[in-house]
Structures are given as C-alpha cells and as structure tokens.
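Structure, as structure tokens:
The values are calculated or read from the model by the stated rules, or taken from the named source; none is laboratory data. Predicted model only: the values in this text are computed from it and were never measured. Here the Cβ is made from the backbone with ideal geometry for all residues, glycine too, and neighbour counts use every protein chain on show. Accessible surface is based on the protein model in full, side chains and every heavy atom, while ligands, DNA and RNA are left aside. Shrake-Rupley method; radii C 1.70, N 1.55, O 1.52, S 1.80 Å.
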There are 2 protein chains.
Amino acid sequence: MQKLQPKIKDVAHVAGVSTATVSRALTQPERLSESTREKVFDAIRATGYRVNKAARNLRTRRAGAVLVLVPNLGNPFFSTILSSINEVLAANGYSVLVFDSQQPSAPGQVVSDYLLNGSVDGLITLDGNISIALGETLKNAQMLGNVVFCCEWSDSLPLPSIRSDNALGARLAVDHLFALGHRRIAHVTGPEDNILAQVRRSAFEIRCAELGLIIAPEWIIPGDFSLTSGARAAEQLVAMPERPTAVFCASDEIALSLISRCKQNGLSIPQDLSVVGFDDLEIAGFVQPSLTTIRQDRTGLGRLAAEELITRLNSAQSKETSRIILAPVELIKRDTTATASKEQARNILA
Amino acid sequence: MQKLQPKIKDVAHVAGVSTATVSRALTQPERLSESTREKVFDAIRATGYRVNKAARNLRTRRAGAVLVLVPNLGNPFFSTILSSINEVLAANGYSVLVFDSQQPSAPGQVVSDYLLNGSVDGLITLDGNISIALGETLKNAQMLGNVVFCCEWSDSLPLPSIRSDNALGARLAVDHLFALGHRRIAHVTGPEDNILAQVRRSAFEIRCAELGLIIAPEWIIPGDFSLTSGARAAEQLVAMPERPTAVFCASDEIALSLISRCKQNGLSIPQDLSVVGFDDLEIAGFVQPSLTTIRQDRTGLGRLAAEELITRLNSAQSKETSRIILAPVELIKRDTTATASKEQARNILA
DNA sequence: GAAGCTCTTGTAATCGATTACATCACGATT
DNA sequence: AATCGTGATGTAATCGATTACAAGAGCTTC
C-alpha cells in the first residue's frame with residue numbers, strides 16, 4: 001500500500017531543493033544546472049510524482065484541453081474527424097473533451113459552461129448550429145477567438161472555418177455524370193437548414209444550369225444525410241413517371257441506402273441509375289457495386305482544424321477573423337456510375 | 001468590453017455576503033436561508049459568474065471528468081457506444097475525455113497520466129489491451145477501482161466488465177445456420193490476440209461440435225474485424241475447392257466486405273453462401289441484401305458501463321471486483337441467410 | 001577592488017474555489 | 001434566568017502547483 005499521491009513538496013524534499021526548482025525542472029528544465037536537474041528528475045522518478053493538473057491549471061489559467069462539439073457521435077463521418085483532431089491535439093499536449101450536441105441537455109449552455117468555467121481553452125465545433133446567443137456570450141467573455149468550425153460554419157459568426165470545397169464537390173459530381181451522357185440528374189439533399197447542404201444543392205443547380213440541363217422540381221428530393229432518408233428518396237425516385245437517369249446524393253449514407261432500396265425495387269445500378277455520393281466513407285469502397293463518390297479529406301479536415309485552433313490559442317491577440325480554409329475534394333470513380341445508354345442520353349426533358 | 005471573469009469574491013461583494021455563503025449557495029443551497037439564497041443567485045446572474053473548474057477541482061480533489069479509451073475512434077461500432085457513454089455521464093455532471101489508443105503516443109503512459117494527475121476521476125476502456133504494468137501503476141495509486149471495461153476485458157485484471165454475451169451470439173449464429181440446413185460453416189475471426197474474438201471463435205467451434213458439424217481447418221479464416229480483412233477472407237473462400245455453404249463473421253464490417261467481394265467473384269448471396277455478421281451496425285439494415293447479424297446493444301453497453309463507473313466513483317470503498325455484466329445479444333434475421341439447397345445440405349464432409 | 005552581469009536557486013505570494021471551525025442570534029428547556 | 005441546541009453566516013486555512021522578486025555566487029571589466 002502506497003501513500004497518497006506525492007506532491008511537489010515531497011519531490012523537493014527528496015531532491016533537497018525548493019519547490020520552485022522542482023517546478024522549473026518540469027516547465028523550463030534548461031534554466032537549471034545539469035546537476036540539480038538530474039537530482040530533481042531522480043527524485044521525481046523515485047517518488048512517482050505527477051503534476052496535479054488542477055493546481056497547475058488554476059495557477060496558469062489554462063486548461064490544456066479542447067472541447068469538440070459533435071452532432072451525432074455515432075456517425076462514422078464525424079468520428080474519423082474526431083480521431084484526427086485527437087491525434088493533433090494530443091501531440092500538442094492538449095486533452096480532448098467531446099460533447100454530442102444531439103443530446104437532451106441544451107448544447108449551447110453546455111458549451112458556454114465549458115468555455116467560461118475554464119474546463120477547456122478552446123472549441124472545435126463540427127456542428128454549425130451555434131446560436132447567436134452563444135456567440136454573444138463567448139464574445140463578451142473574449143472567448144470567441146478560441147472557437148473554430150470544422151466542416152460546418154455559420155454566416156452570422158466571424159469564426160474561422162475549415163471545410164471541404166462543397167461547391168466544387170457538387171460540380172465534380174455533375175460534370176462526371178454529364179460526361180457519361182446523363183442529362184436528367186436528380187439530387188437528394190441534406191437537411192434544409194444545413195448551410196453545407198445548401199451549398200451542395202445550389203452548386204448542383206447552378207452547374208446543371210450552366211450545362212443546359214433542366215431539373216424537374218421533383219428531382220430535388222429532400223433528405224437529411226441519413227440512411228433512412230436515402231431509402232425514402234429511393235421510393236420517391238422509383239415512383240417517378242419521368243425517372244432521372246442519375247442521382248447525386250448529399251452524403252454516402254444517403255447514396256448507399258438509396259442504392260439498396262432501388263435494387264429492392266428491381267432497378268440495376270448503375271445500368272438503370274447512376275449514383276454519386278459525397279464523403280467517401282470507408283465502406284463506400286467495400287460495397288457491391290462500389291460507390292462513386294466525392295471524397296472529403298476527413299483526416300485533413302480534423303488536422304487543419306486542430307492546427308488552426310492551436311495557432312490561435314498560442315497567439316495572444318484575439319483575432320476574430322472569419323478565415324476560411326478549404327480542404328480539397330476529389331471525385332472517386334467507382335462502379336455506381338456508368339455511361340448513359342442511348343435511350344437514357346436522348347431522354348431530355350422538353 | 002467586459003472585465004475578466006468574475007470570481008466568487010465579486011459575487012460575494014455584490015450580494016453583500018461572504019465567499020463561504022456564495023460557495024454554499026452553489027453546492028448546498030438548502031443550508032442557506034431563502035432570503036440570502038436569493039440574494040446570492042441574483043448576484044450570480046448579475047455578474048455572469050461561473051465557478052472556476054480548476055479551483056474547485058483542486059480543492060475537492062475531484063475532476064468531474066472521465067476518460068474513455070477507444071481503439072480506433074473512426075469505427076462506427078465504438079463511436080455509438082461513446083455517444084451513449086457521453087449521454088449518461090453528462091447527465092451525471094461528468095465531462096468526457098476521449099483518447100484514441102491507436103495513436104502513436106504510448107497509450108498506457110497517457111492513460112496513467114490522466115488518472116494520476118487528476119485530469120479524470122475514472123476510466124472506461126473499450127480497449128482490452130491494458131498492460132499489466134499499467135494495472136500495477138493504477139493499483140498502487142489506488143485507482144484500479146475507478147476503471148471499467150466496456151465490450152472488452154482482461155483476464156489478468158480484476159476489473160468490472162460490461163460486455164455482450166459473445167458466446168451466446170456465436171451459438172445463435174450457428175444454430176440459425178444449422179436450422180436452415182447448413183452443415184459446412186466457416187468462420188472469419190477477429191484479431192488473434194483479441195479476447196473477445198477468441199470467445200466468439202471458440203463458442204463457434206464448440207457449438208459446431210455439439211451439433212456434430214465438422215470444421216475443416218481452412219474454414220477458420222483469420223481476420224481482424226476490418227473491412228479489408230473481410231475482402232481478403234472472401235478471396236480465400238471463393239478459392240476453396242470444398243467451399244462452405246455459410247460463414248459466420250466476427251464483425252459486420254467483415255461480413256459486408258466479404259459479401260461484396262464474393263459477389264464480385266460471381267457468387268450469389270444468400271443462394272451460394274449464407275452470411276451472418278456480428279454487431280448490427282446501422283448500415284447492416286440498409287444494404288442489399290440486408291445483413292443477417294447478431295445485434296449487440298451498443299447503447300446499452302455504453303450506458304451500463306457509464307452507470308457502473310459512476311456507482312464506483314460514488315462509493316468510497318475501492319472494490320476491485322471483476323464483476324461481469326452481460327448485455328443481451330439477439331439474432332437479427334435479414335436477407336443474407338437462406339435455406340440450404342439440397343445439394344448444399346447433403347454436402348457433408350466425410 | 002568595486003560595480004555590474006549572468007546564472008542558479010530560494011522565499012513567499014498567488015490562482016479561486018471549498019470547508020473546518022468559530023460566532024452569533026434565537027427559541028426551547030429546566 | 002441560565003443553559004443549551006440549532007441554524008445561518010463569517011473567518012481563515014487549505015488544495016498543489018507557478019512565478020515575481022530577491023539573493024548569493026562567480027566572472028568580467030575598468
């Protein structure tokens with residue numbers, strides 16, 4: 001049975017130095033003579049000493065931790081990003097706290113608590129629904145400079161945002177389908193109130209217009225990124241009298257479940273319908289047919305967001321710029337898209 | 001521009017009481033008279049006060065936080081559990097720190113740091129690879145009572161473990177396939193060193209033996225839970241001269257990619273091969289054909305683990321019992337399993 | 001050899017809460 | 001009327017680190 005956790009005083013005693021010296025050995029070892037430094041480290045080893053985080057945090061007014069706000073932790077898209085955020089932050093000495101904003105407790109309250117009570121130094125949010133009220137609170141506490149958006153953003157908050165080039169992604173998808181001869185392209189959207197889904201949708205519409213494609217209103221099928229919404233969209237698709245020959249889905253989950261449901265309804269993919277997803281989840285390459293999709297660099301997104309936050313935490317000046325960092329997207333051609341048949345290609349709306 | 005964060009002294013001043021009273025209002029409001037209590041809360045509201053977590057933690061020697069150690073955060077199986085852990089802990093006033101044990105930094109070191117430096121009060125680990133050394137360290141620091149396994153466990157550490165009934169899962173899978181007439185059943189395993197994978201495998205073998213089924217050595221195909229390993233297993237399967245008619249996979253990811261690769265090789269699922277997975281990932285119900293699998297109650301696992309840890313943190317006595325809580329598993333019959341054809345059923349090994 | 005530097009180390013204040021102990025007021029008990 | 005108990009509040013010690021400031025040692029410089 002061992003004693004309680006040794007404290008800095010115990011180490012100082014064993015090493016025969018003052019607590020200040022021990023503290024210096026910990027935080028700025030180069031300031032000590034080599035002999036004392038070694039004495040101290042020996043004592044640390046001998047006692048099994050670990051700095052008490054709470055005491056250090058109190059004194060230094062830093063938490064050494066970052067909060068990551070995730071909408072739906074269960075979604076593999078987010079958790080990969082989280083993993084990469086974790087990696088960068090850990091390498092820089094920060095702990096990572098997570099909070100799932102889907103939870104019953106009011107996330108705004110929770111987030112401002114974390115930031116204002118000093119539990120964390122900063123926030124990376126993968127959730128774009130940051131309320132104006134929260135923004136105000138953070139601004140008043142001069143905490144707004146320690147917040148970074150990842151994937152998402154909010155037009156009403158002047159915050160940096162690391163995100164994929166969503167518009168480009170949508171264009172790549174349309175161009176790819178167009179090049180294959182498709183002229184009747186549908187789109188299953190993300191949630192209506194989601195800014196990123198809005199960008200994908202409008203870029204889709206604009207690109208179609210540029211290419212002279214007409215989009216029937218019913219071809220814009222509302223979804224919400226989820227598997228369920230993909231299946232629902234498939235039902236709508238197969239029921240259409242003038243069925244599109246291709247569909248661009250706002251997420252891979254939509255695409256995967258849409259494909260599955262279409263097959264159940266007797267459609268062949270990609271012969272009867274070409275499908276493009278968005279995200280490039282790992283599973284996308286492991287289904288049959290494998291999914292053509294727009295890859296988002298999830299690891300890069302997480303890394304960049306973490307790096308941006310660290311930079312901001314280190315720079316004393318609070319700069320509330322709405323800097324935007326675009327992560328590249330890429331068309332991954334797989335097997336759910338195919339050349340339009342003659343009949344499909346000719347079948348342009350009047 | 002606002003001043004610095006108000007402290008308890010400021011609140012006390014505004015309310016015209018002592019700091020002790022403010023503190024009591026926060027932690028044991030029933031001990032104050034109604035009038036002062038209201039005065040204090042008014043002052044708190046007026047000043048926008050938030051308790052400083054570091055100061056409170058230092059004084060109370062509690063962190064109000066729990067570390068969750070996750071092997072591979074990017075895996076949807078784990079992240080759902082994490083979400084449910086988060087929910088329960090948040091409801092009980094605990095913050096959740098995560099660490100991905102796949103990371104370069106030595107996870108053992110990191111974990112013991114977190115626990116010994118007071119960053120967290122306890123640990124829930126979804127990773128079974130807790131080293132003996134770490135166990136010793138924690139025991140010496142009398143921290144071993146604050147650790148709970150979730151899904152995984154370690155025979156060498158006397159810790160509570162919340163896990164699925166893996167053996168039952170394997171039996172359910174075998175029984176289901178047997179009832180459909182299958183007599184030649186393969187198994188794609190999890191990682192060889194993974195205790196949970198070992199249980200599934202040995203329960204599979206035992207049940208087969210009980211039913212009088214012979215398992216050719218090559219039908220035990222090594223995998224590691226991953227999509228990649230499922231595809232590899234499929235290659236091995238299709239190349240077998242005496243191909244099994246059914247396969248029980250240690251994870252859904254294995255099953256999904258195995259199915260996909262088998263289809264690429266011209267097999268029809270389930271006509272040529274019945275497949276059972278393990279986990280019941282959300283996607284399992286949204287692929288075509290939808291996956292028959294053993295459901296693990298991921299939400300329940302997370303919840304139970306969190307509740308168990310909270311109980312332990314609240315009880316002063318350190319009880320290092322290796323209590324086991326089994327979460328139920330369930331066979332979810334979907335479309336990747338079918339009655340064995342006459343030829344399949346008759347084809348028993350000599 | 002006095003002044004001034006640099007380098008190393010120690011003393012003690014400090015971060016912002018919680019809480020043991022003391023005090024006081026007020027009503028009940030004898 | 002003296003004593004006691006109870007409830008409400010205040011005073012000050014405390015949690016365990018960091019760090020401003022001071023001080024001493026050893027060197028250089030004029």
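With just the Cα atoms of the stretch A:151-280, tell me how far they stretch along each of the three principal axes, in Å, largest first.
Projected onto its principal axes, the Cα set of the stretch A:151-280 covers 48, 32, 25 Å.
According to a simple spin-label model (label point 7 Å from Cα along Cα-to-Cβ), what is the distance in nm between B:GLU235 and B:GLN264?
It is 0.9 nm.
Distance check, please: which entries in A:LYS139/B:LYS53; A:LYS342/B:LYS342; A:LYS7/A:LYS139; A:LYS9/A:LYS139; A:LYS39/B:LYS139; A:LYS139/B:LYS39 exceed 32 angstrom between their Cα atoms? Don't skip to the end; give the middle numbers.
On the way: A:LYS139/B:LYS53 20 Å; A:LYS342/B:LYS342 43 Å; A:LYS7/A:LYS139 38 Å; A:LYS9/A:LYS139 40 Å; A:LYS39/B:LYS139 27 Å; A:LYS139/B:LYS39 27 Å.
Listed pairs above 32 Å: A:LYS342/B:LYS342; A:LYS7/A:LYS139; A:LYS9/A:LYS139.
At 0.36 nm per residue, minus the direct Cα-Cα distance, what do A:ASN129 and A:GLN109 gain on full extension? Give it in nm, one decimal, please. Intermediate values should be presented prior to the final figure.
Working: separation 20, 0.36 × 20 = 7.20 nm, distance 1.30 nm.
Additional length available on full extension: 5.9 nm.
Quick check: residue separation of A:ALA209 and A:THR19 times 0.36 nm, minus the Cα distance between them. What number comes out in nm?
On the way: separation 190, 0.36 × 190 = 68.40 nm, distance 7.14 nm.
Result for the pair: 61.3 nm of gain on full extension.
With each pseudo-label sitting 7 Å past Cα toward Cβ, what's the A:ILE324-B:GLU218 distance in nm, one decimal?
Taking the simple label geometry, A:ILE324 and B:GLU218 are separated by 5.8 nm.
Most mobile of B:THR337, B:THR228, B:THR27 per a Gaussian network model of chain B (Cα springs, under 10 Å)?
Its mean-square fluctuation being the largest, the pick is B:THR27.
Just round it to a whole percent: the fraction of Cα-Cα distances in chain A exceeding 26 Å. Could the numbers behind the result be given before it?
Working: 35033 of 61075 pairs.
Cα-Cα pairs in chain A separated by more than 26 Å: 57 percent.
Put a point 7 Å out from Cα along the line to Cβ at A:SER35; what are the distances to that point in the other copies, in nm, shortest first?
In ascending order, 6.8 nm.
Which parts of the stretch A:41-69, residue by residue, lose 50 Å² or more of accessible area when the rest of the protein chains are there, as against the chain isolated (1.4 Å probe)?
Going by heavy-atom accessible area, the residues of the stretch A:41-69 that drop by at least 50 Å² are A:ARG50, A:LYS53, A:ALA54, A:LEU58.
Mind listing the long-range amide H neighbours of A:ILE325? Cut-off is under 5 Å, sequence gap 5 or more, other chains count too, H placed in the peptide plane at 1.01 Å from N.
A:SER161, A:ILE162, A:ARG163
At a probe size of 1.4 Å, how large is the accessible area of B:LYS53, to the nearest 10 Å²?
Its accessible surface works out to 40 Å², give or take rounding.
For the Cα atoms of chain B, what angle does the longest principal axis make with the long axis of helix B:298-314, in degrees from 0 to 90, nearest 10?
Between the helix axis and the principal axis of chain B, the angle is about 40 degrees.
Pick out which of B:ASN75, B:ASN265, B:ASN52 has the largest mean-square fluctuation in a Gaussian network model of chain B, springs linking Cα atoms closer than 10 Å.
Maximum fluctuation in the GNM of chain B, among the listed residues, is at B:ASN52.
Using the alpha-carbon centroid of each, what span in Å lies between the stretch B:54-89 and the stretch A:156-234?
Centre-to-centre distance over Cα atoms comes out at 36 Å.
Taking each label point as 7 Å beyond Cα in the direction of the beta carbon, state the distances from A:GLN271 to the same residue in the other copies, shortest first, in nm.
Distances to the matching label points in the other copies: 1.4 nm.
Between helix A:227-238 and chain A, what is the angle of the helix's C-alpha long axis to the longest principal axis, kept within 0 to 90° and rounded to the nearest 10?
10
Just to confirm the numbers: B:ASN129, label point 7 angstrom along the Cα-Cβ line, distances to the other copies in nm, shortest first?
3.8
Along its principal axes, what span do the Cα atoms of the protein assembly as shown show, with the longest given first and each in whole Å?
81, 67, 58
To the nearest 10 degrees, how steep is helix B:166-179 against the longest Cα principal axis of chain B, on a 0 to 90 scale?
30
Among A:ILE44, A:ILE85, A:ILE254, determine the one that fluctuates most according to a GNM of chain A built with springs between C-alpha atoms less than 10 Å apart.
Of A:ILE44, A:ILE85, A:ILE254, the most mobile in the Gaussian network model is A:ILE44.
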